[in-house]
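Input: a single structure, listed below in C-alpha cells.
The values are calculated or read from the model by the stated rules, or taken from the named source; none is laboratory data. In this text the structure is predicted, and so the values were computed from the model without any measurement. No Cβ is skipped: glycine too gets one built from the backbone with ideal geometry, and neighbour counts run over all protein chains shown. Areas reflect the complete protein model, heavy atoms only, side chains present, ligands, DNA and RNA absent. Shrake-Rupley method; radii C 1.70, N 1.55, O 1.52, S 1.80 Å.
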Amino acid sequence: MRAQKKPVIIDYEVFEDTTDCFMNLQDNLGIDPLRVSYRNPEQPVLKIETLEGIMIANVGDYIIKGVRGELYPCKPDIFKETYDLID
C-alpha cells in the first residue's frame, strides 16, 4: 500500500540568535515562553515543547507550526526536501 501526503501550508521561522527572530517566534508562531539556552554561548539552543516532549533546535533549524498548532524543529536539509516556499 502507498499514500501521498496531503498538501498543507505551514508557518515557519528559521531559528537565529537575533531579537527579530525571537519576536517572530513569539508573534508569528506563538511560542511563549521563549526558552533559549546559552549554556554554550557559541551555540545557543531553543527548547520547544512538542507533542512528544521538549525538543532542541539549533541555530539554522526551522521551527514549524503544524496544521493543529503543534510546534517542532526541523533540520534545514529535511525542510528543503519536504517543503516548497510560497512567499
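Assorted remarks:
- For the chain, the fraction of 1.4 Å probe accessible surface lying on carbon and sulfur atoms is 49 percent.
- Interchain or long-range residues, amide H under 5 Å from Y72's placed H: I64, G66
- Taking Lys and Arg as +1 and Asp and Glu as -1, the other residues whose beta-carbon sits under 11 Å from that of L25 total -4.
- Net length gained if the chain between S37 and Y12 were fully extended (0.36 nm per residue, minus Cα distance): 7.0 nm
- Using the 1.4 Å probe convention, the accessible area of the chain works out to 78 Å² per residue with neighbouring protein chains retained.
- The simple Förster model, with R0 at 25 Å and r as the Cβ-Cβ distance, assigns Q26 and I78 a FRET efficiency of 0.55.
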